[in-house]
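Structure first, commentary second.
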């Protein structure tokens with residue numbers, strides 16, 4: 001069996017170097033073969049030089065792939081197409097993977113029982129939590145800044161899809177269910193998300209099983225720029241947009257595009273309830289969490305409006321031109 005690690009990157013040459021060094025140090029059990037594909041998504045820094053350097057030192061394992069279409073999921077899909085492995089593992093370009101990560105993450109996928117797997121993702125190093133950010137409990141939002149994913153120390157079946165920084169799937173899953181949706185996830189400076197989780201959820205909705213492997217550990221850094229209220233609010237707003245894009249499209253009701261009904265519901269009852277929870281919260285962590293949920297709803301409303309206008313324009317353009325009499 002062969003395993004492919006796919007690392008998509010955009011303008012992160014220095015963190016990429018550290019990430020690739022950590023994956024280069026992996027060892028796999030038995031006679032398993034493995035490779036690492038670094039997919040450069042139009043980087044303008046010295047990413048190519050960093051990858052070429054590690055390719056020279058590890059010519060049998062590392063390959064450079066260039067993807068001209070801007071967007072994380074274009075890069076992921078390019079990696080899927082180029083991969084030679086039977087199992088495809090994904091990691092981010094700014095993480096450090098612990099020894100044994102790749103072996104442990106892919107072990108459940110070698111006999112066909114599981115379609116995919118997700119490992120444990122923890123913060124890299126230490127950082128000071130602001131008083132408005134809860135480290136755990138119901139208002140915990142560490143996942144926003146470091147893709148924090150920790151379901152405990154026991155392996156189990158996943159009830160929610162894993163994050164793209166620490167996940168793996170058998171390659172036939174892409175042949176059967178398609179690739180990552182290119183209208184979801186980051187594109188340049190856009191913080192749209194959900195492309196990774198949408199794919200995992202697509203498999204789960206089809207009855208496929210995903211496994212949590214706590215021994216497959218990734219360490220994710222926490223940049224200072226992310227530990228701000230502005231970053232959190234923008235992230236939640238774009239997350240709301242991504243949720244709507246990931247939902248199944250439904251037909252119009254009495255000729256009215258369905259998104260208009262969703263806008264009405266979200267823009268009245270739902271957002272009023274969330275604003276009430278936000279403004280009435282006394283605990284600063286609970287208060288900011290509820291504020292973020294308001295921004296999420298606002299993002300959903302914006303995306304529904306975009307869909308409604310698109311459906312309306314499509315309906316208008318589909319009306320035939322009047323025919324001349326006589």
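The values are calculated or read from the model by the stated rules, or taken from the named source; none is laboratory data. Just so it is clear, the model here is predicted, and its values are computed rather than measured. Cβ coordinates were reconstructed from backbone atoms using ideal geometry, including for glycine residues, and neighbour counts include every protein chain displayed.
Need the failing condition index for residue 154 against (1) modelled with pLDDT of 85 or more; (2) more than 18 Å from residue 89 (Cα to Cα); (3) crowded, with 21+ Cβ neighbours inside 10 Å, just the number.
(3)
With the requirement that a residue be in a loop (DSSP other than H, G, I, E, B) and at pLDDT below 95, what does region 193-210 give you?
Applying the first criterion (in a loop (DSSP other than H, G, I, E, B)) to region 193-210 yields 193-194, 206-209.
193, 194 - these are the residues of region 193-210 that are in a loop (DSSP other than H, G, I, E, B) and at pLDDT below 95.
Restricting attention to region 271-298, and to residues there that are more than 16 Å from residue 229 (Cβ to Cβ) and under 26 Å from the mean Cα position of the chain (by Cα), which single residue is surrounded by the fewest Cβ atoms within 10 Å (Cβ to Cβ)?
Of everything passing the filter in region 271-298, 271 is surrounded by the fewest Cβ atoms within 10 Å (Cβ to Cβ).
With region 228-302 as the region, which helices (runs of 4 or more DSSP H) entirely inside it contain at least 2 residues that are at pLDDT 90 or above and not assigned by TED's automatic domain parsing to the domain that holds residue 200? Steps first, please.
On the way: elements: 229-246, 258-265, 271-280.
Because the criterion is at least 2 residues that are at pLDDT 90 or above and not assigned by TED's automatic domain parsing to the domain that holds residue 200, the helices (runs of 4 or more DSSP H) in region 228-302 that meet it are 229-246, 271-280.
Look through 20, 32 and report the one residue that is more than 23 Å from residue 179 (Cβ to Cβ) and surrounded by 23 or more Cβ atoms within 10 Å (Cβ to Cβ).
Going through 20, 32 in turn, the sole match is 20.
In this structure, is residue 123 at pLDDT below 95, touching a helix residue (DSSP H, G or I) at 6+ places or on another chain (Cβ under 6 Å) and either exposed (fewer than 15 other Cβ atoms within 10 Å of the Cβ) or closer than 25 Å to residue 289 by Cβ (or both)? First the steps, then the outcome.
Numbers: at pLDDT below 95: yes; touching a helix residue (DSSP H, G or I) at 6+ places or on another chain (Cβ under 6 Å): yes; either exposed (fewer than 15 other Cβ atoms within 10 Å of the Cβ) or closer than 25 Å to residue 289 by Cβ (or both): yes.
It is true that residue 123 is at pLDDT below 95, touching a helix residue (DSSP H, G or I) at 6+ places or on another chain (Cβ under 6 Å) and either exposed (fewer than 15 other Cβ atoms within 10 Å of the Cβ) or closer than 25 Å to residue 289 by Cβ (or both).
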